[in-house]
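What follows draws every value from the coordinates through simple rules; no lab data is involved. Small disclaimer: the values here were computed from a predicted structure and weren't measured. Please note: Cβ atoms are built from the backbone with ideal geometry, for glycine as well, and neighbour counts cover all protein chains shown.
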Amino acid sequence: MTATAHSRRQFASDNCAGICPEAWAALAAANAGHAVSYGEDPWTGQACDLIREVFETDCDVFFVFNGTAANALALAACGRSFHAIFCHRHSHVEDAECGGPEFFSGGSKLVLLPGDDGKLDPATLERAARLRPDFHYPKPGAVTLTQCTEHGTVYSADEIRALSATAHRLEMKVHLDGARFANAVAWLGCPPKEITWRAGVDVLSFGATKNGIAVGEAVVFFDRALAREFDYRTKQAGQLASKMRFLSAPWVGLLADGAWLRHARHANTMAQRLEAGLRGVPDVAQSYPCQANAVFVRMTEPLVQALHARGWMFYQMHGEPDYRLMCAWDTTAADVDAFVKDVRELAAA
Ligand SMILES: *Cc1c(COP(=O)(O)O)cnc(C)c1O
């Protein structure tokens, strides 16, 4: 690949984007001299405090290297090896973590549930959890929801509240995979507490990699009893960073002045612009409501080939015919307009 091909902004994924200026500056600041290792440094303390401010509660916070580890370890903390973890059949924990949650929980079974627009609903969850009350089948232990969903949609506070109420009534814990949590908050415009602990979420995988940092996701325990011995879990899993400040400092950069929401709002706005630009184009049909930073479309194969030939990168997901067009914190209006122009030209051809 040439340097140009590397640097061109694409719609392939928000984790193709680089590091945002706020995170970059915080990394540089943290790089001045020596600091205590394994999380005892001032940046890690400040990042944890900022996360507590964001959620307006006294939660327990841990930093791990990536989202797969955050999900797998958080879910392992939610139950025992003979528990079942309910998830959407197109969730990252099922589709893209190579059995990580099963492995780190020591054998918990992921039970896949259907649901429109990438969302679970309480009735489906309850039916599945009640299906097998006998001990020849795993005991219901947790449900994991993805916010934003894998289809670019967003659960409302009411939807999360209803799912959590069902889960808790059935003695299950509630985990939220928030790899794109910021985009959900930006879409809903509500205080983060309204779609987490106030709605019954026990533990959150809070992502920032897709929102402008290089590496490092936060596991946020609202049910602090679940955080017991989690430090051992992260260490055993190889997820305890010795130079923790370089995971946590970018979080300080992102959270201190609200950059996390600014970037997420921007990415969402670019997705709205993209969706509007593609509306009405022959050969292009929107698959799901655009509520965050992704636009899902069905396109004819010749159109897809022609777009690839012009150098555009984007992917098909979940073995489905839809193509996912993902906007990032650094996607520009000009990027969107150039893509839309090519689509319109090629679709008409
Ligand atoms: C990106 C992503 C993750 C984390 O993936 P990693 O590559 O392990 O960082 C988790 N959940 C969802 C929904 C994601 O999109």
For each pair in 139/235; 173/193; 109/173, compute the distance between the two Cα atoms and list the pairs where it is over 21 Å.
-> 139/235
Of the chymotrypsin sites (Phe, Trp or Tyr not before Pro) in the range 95-176, those whose Cβ has at most 10 other Cβ within 10 Å and which sit in DSSP loop | 135
Out of 126, 102, 22, a Gaussian network model of the chain with alpha-carbon springs under 10 Å gives the largest mean-square fluctuation to 126
With R₀ set to 56 angstrom, the calculated FRET efficiency between the beta-carbons of residue 225 and residue 318, to the nearest 0.05, is 0.95
Of 184, 48, 71, which is farthest along the charge dipole of the range 21-255 in the positive direction, counting Lys and Arg as +1 and Asp and Glu as -1 at C-beta?
-> 71
So for 166, 269, fewest C-beta neighbours within 10 Å to most, what's the order?
-> 269, 166
Restrict the search to the range 165-250; then list the GluC sites (Glu not before Pro) that DSSP places in a loop and that have at most 13 other Cβ atoms within 10 Å of their Cβ.
-> 171, 229
Please report, in debye to the nearest 20, how large the charge dipole of the chain is about its Cα centre when each Lys and Arg carries +1 at its beta carbon and each Asp and Glu carries -1 there.
-> 200 debye
Can you give the relative contact order of the range 21-255 as a percent, counting alpha carbon pairs under 8 Å and 6+ residues apart?
-> 31 percent
Here the percent of antiparallel bridges among DSSP beta bridges lying wholly in the range 21-255, to the nearest 5, is 35 percent
Among 189, 39, 100, the residue with the largest mean-square fluctuation in a Gaussian network model of the chain built from Cα contacts under 10 Å is 189
